[in-house]
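The values are calculated or read from the model by the stated rules, or taken from the named source; none is laboratory data. Keep in mind it's a predicted model, so treat the numbers as computed, not measured. In this analysis, Cβ positions are derived from the backbone assuming ideal geometry, glycine residues included, and neighbour counts consider all displayed protein chains. When the accessible area is computed, the model is the full protein with side chains, heavy atoms only, and any ligands, DNA or RNA have been set aside. Shrake-Rupley method; radii C 1.70, N 1.55, O 1.52, S 1.80 Å.
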Amino acid sequence: MSDGVANEVLRVAVDAPQHSGLGGALDYLSKRPLAPGTLLRVPLGKRELLGIVWHGAASAPPGQALREVGEVFDALPPLGPAWLALVDFAAGYYQRGVGELALSVLPPELRKLDAPGLVKRLARLVKKLDKAAASAPAAAPLAAVVRPALGPEQRVALQAFEAALDQPRPAPILLFGVTGSGKTEVYLHAAEQVLATGRQVLVLVPEINLTPQLEARFAERFPAHRMVSMHSGLTPVQRLQHWLMAHLGQADIVLGTRLSVFAPLPQLGLIVVDEEHDPSYKQQEGARYSARDLAVYRAHLERIPVILGSATPSLETWQRAEPSPQQRSQRYQRLTLAERVGGGALPQVRLFDMGVLPKVAGQSPLLAPMVLDSLRDRLTRGEQSLVFLNRRGYAPVLFCADCGWKSGCPHCSAWRVFHKGERTLRCHHCGFTERVPRACPDCGNLDIAPMGRGTEKLEEQLAELLPGARIARLDADTARGKGQLEARLAQVHSGEVDVLVGTQMVTKGHDFRRITLVVAVNPDSALFASDFRAPERLFALLMQAGGRAGRDADAAGRSEMWVQTWHPKHALYAALKTHDFAAFAQSQLAERRAAGLPPYSHLALLRAEARDPAVALAWLNEATALAAALPGAAGVTLYPPVPPAVGKVAGVERLQMLVEAASRLQLQRLLADWVPVLHSLRGRHKGLTRWAIDVDPLAI
Ligand code: ADP
Ligand code: ZN
Ligand code: ZN
């Protein structure tokens, strides 16, 4: 910094811990004015950090000695005002420091770079990207792009989308349609319109596994446009490169998982959220944001349409799309695709009452005889089946009948799961693994037995019951290695597998053409779970699983889904039988309204962790007392602390308390006053390892 006097005061967002009181933006001096959104380096303590010039007035009192900014990344255009506003909103809403959040959603590689390094690298990247762009349209046989003519329902949906495009503030669109009803085709047509005007399209998918399929369809449809992906599977350099392409306006389409909702897109014209109900859209650590909700907010902010697609929308979304005289400003527009494209039918759903089966040695058989017959039918016809059970491993617990010993985890309040293939007992919460003992560790009994069953046992039994069948298992254990998931899915697609067994992993999104039978093995536990969203998730899971069958019109007539249940009369299954999401949603919403649960109330969860549960409890009790004294506490209910479903994990005890308010605003008001107070408690409770606030928690 040679000449000139540094006299411009700037606010700069940096990643400083929130409890230091520096979680917002800090003031610095600069020799020249810098636009908000400019990236630069600034000193903090003894370090130098990446920062972003933030908008809003500096807060430093005049005359205070401020430090001077370091290098400025002039090569990079500043992040836009809409991006800054989105981060501001998200930080406020989810109770994080604005700097902490802003920096955490930038590609990590950026932080490593000094300005000259970045400039050189950028120049190289930009050159490379331009070259690629120049050769892309030349290589693409544009005439070969096939666009199917839309069906009547799709046309109506697209017309509604076009009307929304013309509106100054388009309402969010819920595209409600079963799997195979042509939602993706509607996204593609909508994207085409937006791309034609030179604007960018952001497509969110719940899981990285689902990106390749959708990516392929977009790439095929838009060969002359540039598309980048954003997900955790990218290398740091790829992530930087894709981020830059988005930010520089070189990428026309960005397709990614939840983090990409923060992609800087100067020309954003449309956001699509595929499978909008999926729990993966909620970030479960750090800033616990919902990418779906932020997508809706971002669209509102940028005055562009957002399309939320699902066969089983979240009840929050569904409720907002219901016609109602109130809250007009928050209404979504619902567009329905009721028919499957090309005559594919939804499978016939059949419930098997497990209660009628006689028990053998105290256990019911894993598969009902009628279900087995259905599986054998498929084998004879050369069709595929999918069998899922939401529990991996061989058996959830080992048990000694003599003394009652069970394979508990010494570090968690959970059982260790028996994995037969690897002869281990493994805790699915902390990972603690030991070889299976030969005899009961407590009494020496040699006859310890597995209790209950998981996917590994299901696979073993299917192999016994269906000799000669080619069986593959897909769960977190078999898909652990790199490329294993893809390899297994490829086997299914190519017809090398007759029966695919697994956890809910098998039910997501994959377009299996030859499956005509889906079996859900005892999914009942979710019906009575303490978590109020469990039925919603089960219904979505079963609809999704059923959606795997009958995609091929030839086989549609004979495709079926068996649900083995102990509660065949349950209303959830009745709605499932008729594929009636609307009926299910209506009954669930009525229950939620009666119980005062979301979307009829708004929740936050305050969690605390300590080795000694008394410490966590004392902290939560003090937090409660502090909240009660705040003016925003009126009308907000603070529930007593309780342990979550698994209270102890890896030796750390966890407690949580629920905060409930009738309105979002009320809840936000309290949190805004309360959370800073909680940060100031730091150090007062020895032994408290962690605490966190989760706004709009998914599970309670
Ligand atoms: P979804 O996203 O609802 O599962 P897709 O858009 O993937 O449905 O459509 C299912 C299948 O039908 C795809 O193979 C797609 O290419 C095809 N398809 C969709 N719309 C049409 C159409 N209008 N005409 C012909 N085929 C279509
Ligand atoms: Zn024993
Ligand atoms: Zn454990």
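A few points about this structure:
- Reduced Cα scattering model of region 469-619, Debye log10 I(q)/I(0), q = 0.14, 0.16 Å⁻¹: -0.85, -0.98
- Dipole magnitude of region 150-339 about its Cα centre (Cβ charges: Lys, Arg +1; Asp, Glu -1), debye to nearest 20: 480 debye
- Gyration tensor (Cα) of region 8-117, equivalent ellipsoid semi-axes in angstrom: 18, 17, 14
- Taking 20 Å as the cut-off, the amide N atoms of region 430-455 that come nearer than this to a point 7 Å along the Cα-to-beta-carbon line of residue 423 belong to 432-442, 444-451.
- Multiplying each eigenvalue of the alpha-carbon gyration tensor of region 334-423 by 5 and taking the square root yields semi-axes of 37, 20, 15 Å, largest first, rounded to whole angstroms.
- For region 150-339, the relative contact order comes to 34 percent (Cα pairs under 8 Å, sequence separation of at least 6).
- Within the chain, the cysteines lacking any other cysteine Cβ closer than 4.7 Å to their own Cβ are 430.
- Dividing the helix sum by the residues of the chain, where each DSSP H run of 4 or more adds -39500 (n - 2.57), gives a mean residue ellipticity at 222 nm of -10000 deg cm²/dmol.
- Sites residue 370 and residue 476, calculated FRET efficiency, Cβ-Cβ separation with R0 35 Å, nearest 0.05: 0.70
- Karplus (6.51, -1.76, 1.60) ³J(HN,Hα), θ = phi - 60°, over region 290-298, in Hz, Gly and Pro reported as x: 9, 5, 4, 5, 5, 4, 5, 5, 4
- Convex hull of region 237-331 built on C-alpha atoms - directionally averaged projected area, nm²: 7.1 nm²
- Rotationally averaged projected area of region 51-106 (alpha carbon convex hull; nm²): 4.9 nm²
- A 1.4 Å probe, protein heavy atoms only, puts the accessible area of residue 388 near 10 Å².
- Across region 589-597, rounded Karplus estimates of 3J(HN,Hα) from the backbone phi angles (6.51 cos²θ - 1.76 cosθ + 1.60, θ = phi - 60°) give 5, 4, 5, 5, 5, 5, 8, x, 9 Hz, Gly and Pro being marked x.
- Bins of 10 Å, starting at 0 and running to the largest distance - Cα pair percent for region 374-436: 21, 36, 19, 17, 7
- Largest to smallest principal axis extent of the C-alpha atoms in the chain, angstrom: 88, 69, 52
- For the pair region 620-687 and region 461-486, the centres of their Cα atoms are 44 angstrom apart.
- Theoretical FRET efficiency, 1/(1+(r/R0)^6), r = Cβ-Cβ of residue 66 and residue 698, R0 60 Å, to 0.05: 0.90
- Tail weight of P(r) past 28 Å, computed on alpha-carbon pairs of region 150-339, percent: 18 percent
- Cut-off 10 Å between beta-carbons: net charge of the residues surrounding residue 422, Lys and Arg +1, Asp and Glu -1: +2
- Residue ranges 196-205, 539-548, 5-14 sort as 539-548, 196-205, 5-14 when ordered by packing (mean number of other C-beta atoms within 10 Å per residue, highest first).
- Within region 235-305, trypsin sites (Lys or Arg not before Pro) in DSSP loop having at most 11 other beta-carbon neighbours inside 10 Å: 303
- Set 406/648; 457/569; 282/420; 457/508; 457/577; 648/686 screened for pairs whose C-alpha atoms are more than 24 Å apart: 457/569; 282/420; 457/577
- Using R0 = 22 Å, the C-beta based FRET efficiency linking residue 439 and residue 464 works out to 0.25.
- Gain in span if fully extended, residue 484 to residue 403, counting 0.36 nm per residue against the direct Cα distance: 25.1 nm
- Percentage relative contact order, the chain, counting C-alpha pairs under 8 Å, at least six apart: 11 percent
- Compared with the dominant principal axis of the Cα atoms in the chain, helix 183-196 is inclined by about 20°.
- In region 202-291, the GluC sites (Glu not before Pro) that fall in loop regions by DSSP, at most 13 other Cβ within 10 Å: 285
- Dimensionless Rg ratio for region 561-700, taking C-alpha atoms and the 2.2 N^0.38 Å reference: 1.31
- Between residue 238 and residue 7, the simple spin-label model (points 7 angstrom out along Cα→Cβ) gives 5.1 nm.
- Compactness index (Cα Rg / 2.2 N^0.38 Å), region 539-643: 1.71
- Between residue 165 and residue 634, the distance separating the two model label sites (each 7 Å from Cα on the Cα→Cβ line) works out to 4.9 nm.
- Where the alpha-carbon atoms of region 200-287 are placed on the principal axes, they occupy 36, 25, 24 Å, in descending order.
- Rg/Rg_ref, region 455-525, where Rg_ref = 2.2 N^0.38 Å and atoms are Cα: 1.08
- Estimated vicinal HN-Hα couplings, Hz - region 28-43 in sequence order (Karplus 6.51, -1.76, 1.60; Gly, Pro = x): 9, 9, 9, 6, 9, x, 10, 5, x, x, 5, 8, 7, 10, 9, x
- Radius 14 Å from Cβ of residue 698, net charge of other residues (Lys, Arg +1; Asp, Glu -1): -2
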